[in-house]
Amino acid sequence: MRKKKLSKEEHHILREKGTEAPYTGKYYMHDEKGVYVCAGCGKPLFSSEMKLDSLSGWPSFFDAQKGSVEMKKDKSHLISRTEILCKNCGGHLGHVFNDGPKPTGKRFCVNSGALHFKKK
Ligand SMILES: [Zn+2]
């Protein structure tokens, strides 16, 4: 896998655990068929079939590709959240919440800047 140079925004999200402003990301209203890969290492993380309507303002998914992400408790803010990391490169992707639809009940809320899209 080729190592891509990160843009300033990608670096901020993946490596400094930044969060993009809601409704600004390039994928939150994106509904093409394909695969969302990690902007840091190119590993497939989510598919378009897993995508939810992003009412929150960020791309949201009800599931992730098996074994592609890691979850970690994040207590850096007053509320306790669960952080999502790329299992391959450790890049920060976003947070996961337990208010998603069935069958997973999860909502993976991901920064567009942590993703690249590969059209099917
Ligand atoms: Zn990665």
- Using a 1.4 Å probe and ignoring any ligands, DNA or RNA, find the accessible area of THR104 and quote it in Å² to the nearest 10. 50 Å²
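With a 1.4 Å probe and every protein chain left in place, work out the accessible area per residue of the chain in Å², rounded to a whole number.
59 Å²
Run the helix sum for the chain: -39,500 (n - 2.57) per DSSP H stretch of 4+ residues, divided by residue count, reported at 222 nm to the nearest 500 deg cm²/dmol.
-2000 deg cm²/dmol
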- Query: At q = 0.15, 0.28 Å⁻¹, what base-10 log of I(q)/I(0) does the Debye formula yield for region 29-78 when every alpha carbon is treated as an equal point scatterer in vacuo?
  - Reply: -0.48, -1.14
- What is the gain in length, in nm to one decimal, between HIS11 and ASP53 on full extension, counting 0.36 nm per residue of separation less the C-alpha to C-alpha distance? 12.5 nm
- Under 17 Å Cα to Cα from LYS119, which aspartates and glutamates show up? Leave out anything in the same chain fewer than 8 places away. ASP31, GLU32, GLU49
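Using a simple charge model, +1 on the beta-carbon of Lys and Arg, -1 on the beta-carbon of Asp and Glu, nothing else, what dipole does the chain show about its Cα centre, in debye to the nearest 20? Each step should come with its number before you reach the end.
Numbers: 23 positive and 13 negative charges, 108 e Å.
Around 520 debye, computed over the chain.
Using alpha-carbon pairs under 8 Å, 6+ residues apart, how would you state the relative contact order of the chain in percent?
With pairs under 8 Å counted, the relative contact order is 29 percent.
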- How do LEU52, LEU14, LEU78 stack up against each other in accessible area, from largest to smallest, with a 1.4 angstrom probe? LEU78, LEU52, LEU14
- Query: Given C-alpha coordinates of region 59-120, what is the ratio Rg to Rh with the Kirkwood estimate of Rh?
  - Reply: 0.97
- Query: Label-point separation (nm) for THR24 and HIS77, each offset 7 Å from Cα along Cα-to-Cβ?
  - Reply: 1.5 nm
- Note on the structure: For region 8-119, the percent of accessible surface on carbon and sulfur atoms (probe 1.4 angstrom, ligands and nucleic acids excluded) is 54 percent
- For the chain, what's the radius of gyration and Dmax over Cα atoms, in angstrom? 13.0, 40
- Item | trypsin sites (Lys or Arg not before Pro) within region 14-114, DSSP loop, no more than 10 other Cβ atoms inside 10 Å | LYS33, LYS66, LYS75
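The values are calculated or read from the model by the stated rules, or taken from the named source; none is laboratory data. Everything quoted here is computed from the prediction, not taken from an experiment. Neighbour counts are summed over all protein chains in view; Cβ atoms, including those assigned to glycine, are modelled from backbone coordinates with ideal geometry. Remember, those area values only see protein heavy atoms, side chains included, never the ligands or the DNA or RNA. Shrake-Rupley method; radii C 1.70, N 1.55, O 1.52, S 1.80 Å.
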